[in-house]
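Chemist: Can you keep this structure in mind? I'll have questions shortly.
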Amino acid sequence: MSEPRTVIVTGASRGIGLAIASTLAAEGFRVVAVARRSSEAFEAAATAAPAGSMHFMACDLGRTDALQPLVRSVRVEHGPIYGLVNNAAIGTPGLLATMPDHAVSDLVHLNTLAPMLLTKYVVRGMMASGSGRIVNVSSIIAFTGYNALSVYAATKASMIGFTRSLSREVGRLGVTVNAVAPGFIETALTEGMDESERERIAKRSALRRLADPDDVANAVAYLVSDKARNVTGTVLTVDAGSTA
Amino acid sequence: MTMRSTIVAEIEAITRDHDKTMPPLTDDMVLMDTEFDSLCFALLVARMEDHLGVDPFGTMEVADLPVTLGDLVALYDRAAVANAA
């Protein structure tokens, strides 16, 4: 049996990231989950997953000087990196006119700069080995817009531009780069939204419901899989038809 | 292997894999005048990082970019020394 291929999933201690990590582990990948700290939910998922398929590595992705050492550590401990899922993000809401400068800066730093730099260090190994998968988690907010999420929306739109151009850069070396754009998903990130708002969004979607983290995880798992070998530079929307 | 021979071996491997034709790899060869394009260069940086564990391009200014093969070898020599210190 061949050695499982290693995939890094950022922000994998909870929510969509944890669902992605669990799904990829179940699909036979060796997942290295990266987040500032582990969680009970992650530990429970790792225990339930196939033996040795889910590993945790603590890293504050906002510390960009830690990213290159992180990539080196993953390669030393888990071998060549086949896949990278840039999922970690913050969703700080706020009206732009009154948002503190540091909140704007933090959003751009963690949601845009950190994944770009992490990708830079990971993609080198993929280029050298002639294969790899990068999946960037964007959001439907990148193209629909939403009140009080302008900065968040900008960071998520940046991931789509990044995806399309990088796919052109590394395509001829066998590396695919895609994005998924989840709609409103039931996670801690959307807990701040009140119940009536959630119901309104669900009612407006084609399928009359919200997508859940497993739906996003399955989309990511497809893009990481061999089945998606001819899919690159695209955005896969998972929103139960809310933007249909 | 010396730094120069490592770099030359990688350039030869990359150009062979990507069907590029190169002039003789002398120290005064100007990299930009050859078929060794930006993608080849990115591959070289990736492979050299594997060998040495250093990436001298991470913090460099554009003005410092190596022009000739000799500049490139000197750059990696300095980076390896700095990394070992």
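Chemist: Tell me, please, whether a residue that is at pLDDT below 95, under 24 Å from A:Ser139 (Cβ atoms) and not polar (S, T, N, Q) can be found in the range A:15-38.
Modeler: Yes, the range A:15-38 contains a residue that is at pLDDT below 95, under 24 Å from A:Ser139 (Cβ atoms) and not polar (S, T, N, Q).
Chemist: OK, next. Output the residues belonging to the range B:2-22 that are surrounded by fewer than 12 Cβ atoms within 10 Å (Cβ to Cβ) and either at negative phi or among the basic types (Lys, Arg) (or both).
Modeler: Of everything in the range B:2-22, those that are surrounded by fewer than 12 Cβ atoms within 10 Å (Cβ to Cβ) and either at negative phi or among the basic types (Lys, Arg) (or both) turn out to be B:Thr2, B:Ser5, B:Arg16, B:Thr21.
Chemist: May I pose another question? Take the residues of the range A:124-150 that are touching a strand residue (DSSP E or B) at 6+ places or on another chain (Cβ under 9 Å) and part of a loop (DSSP other than H, G, I, E, B): which is nearest to A:Ser225 (Cα to Cα)?
Modeler: By that ranking, first place goes to A:Ser131.
Chemist: Still on this model: Looking at chain B, what helices (runs of 4 or more DSSP H) fall wholly within it and have at least 3 residues that are farther than 22 Å from A:Val123 by Cα and of a type in the set (D, E, K, R)?
Modeler: B:69-84
Chemist: Sort out which residues of the range B:8-58 are over 12 Å from the mean Cα position of the chain (by Cα) and of a type in the set (Ser, Thr, Tyr), and write them in order of number.
Modeler: Hits for the range B:8-58 are B:Thr15, B:Thr21, B:Thr26, B:Thr34.
Chemist: Follow-up. For the range A:162-183, give me each residue that is more than 14 Å from A:Arg229 (Cα to Cα), within 15 Å of the chain's Cα centre (by Cα) and not aliphatic (A, V, I, L, M).
Modeler: Answer for the range A:162-183, where residues must be more than 14 Å from A:Arg229 (Cα to Cα), within 15 Å of the chain's Cα centre (by Cα) and not aliphatic (A, V, I, L, M): A:Phe162, A:Thr163, A:Pro182, A:Gly183.
Chemist: What is the one condition in (1) within 13 Å of chain B (Cβ to nearest Cβ); (2) modelled with pLDDT of 95 or more that A:Glu169 does not satisfy?
Modeler: The failed condition is (2).
Chemist: Which number in (1) assigned to a helix (DSSP H, G or I); (2) over 28 Å from A:Ala45 (Cα atoms) marks the one condition that A:Ala206 misses?
Modeler: (1)
Chemist: Give me a count of the residues in the range A:209-227 that are outside any loop (DSSP other than H, G, I, E, B) and either surrounded by 18 or more Cβ atoms within 10 Å (Cβ to Cβ) or touching an Asp or Glu at 6+ places or on another chain (Cβ under 7 Å) (or both).
Modeler: 10
Chemist: Can you find a residue in the range B:27-35 that is surrounded by 12 or more Cβ atoms within 10 Å (Cβ to Cβ) and within 14 Å of chain A (Cβ to nearest Cβ)?
Modeler: Checked the range B:27-35: no residue is surrounded by 12 or more Cβ atoms within 10 Å (Cβ to Cβ) and within 14 Å of chain A (Cβ to nearest Cβ).
Chemist: From the residues in the range A:75-91 that are within 14 Å of chain B (Cβ to nearest Cβ) and touching a residue at least 60 places away in the same chain (Cβ under 8 Å), which one is farthest from A:Val180 (Cα to Cα)?
Modeler: Selected residue: A:Gly79.
Chemist: Regarding A:Ala153, is this residue free of Cβ contacts under 8 Å to residues at least 60 places away in the same chain, closer than 22 Å to A:Leu61 by Cα and not in a loop (DSSP other than H, G, I, E, B)?
Modeler: Considered against the rule, which asks whether it is free of Cβ contacts under 8 Å to residues at least 60 places away in the same chain, closer than 22 Å to A:Leu61 by Cα and not in a loop (DSSP other than H, G, I, E, B), A:Ala153 comes out as yes.
Chemist: Let me ask something additional. Would you mind finding the one in A:Gly183, A:Gly94 that is away from every other protein chain (no Cβ under 14 Å), at pLDDT below 95 and touching a helix residue (DSSP H, G or I) at 6+ places or on another chain (Cβ under 7 Å)?
Modeler: A:Gly94
Chemist: Name the single residue, out of those in the range A:133-149 being among the hydroxyl-bearing types (Ser, Thr, Tyr) and surrounded by fewer than 19 Cβ atoms within 10 Å (Cβ to Cβ), that is farthest from A:Val85 (Cα to Cα).
Modeler: It comes out as A:Tyr146.
The values are calculated or read from the model by the stated rules, or taken from the named source; none is laboratory data. Everything numeric here is computed off the predicted structure, so don't read it as measured data. No Cβ is skipped: glycine too gets one built from the backbone with ideal geometry, and neighbour counts run over all protein chains shown.
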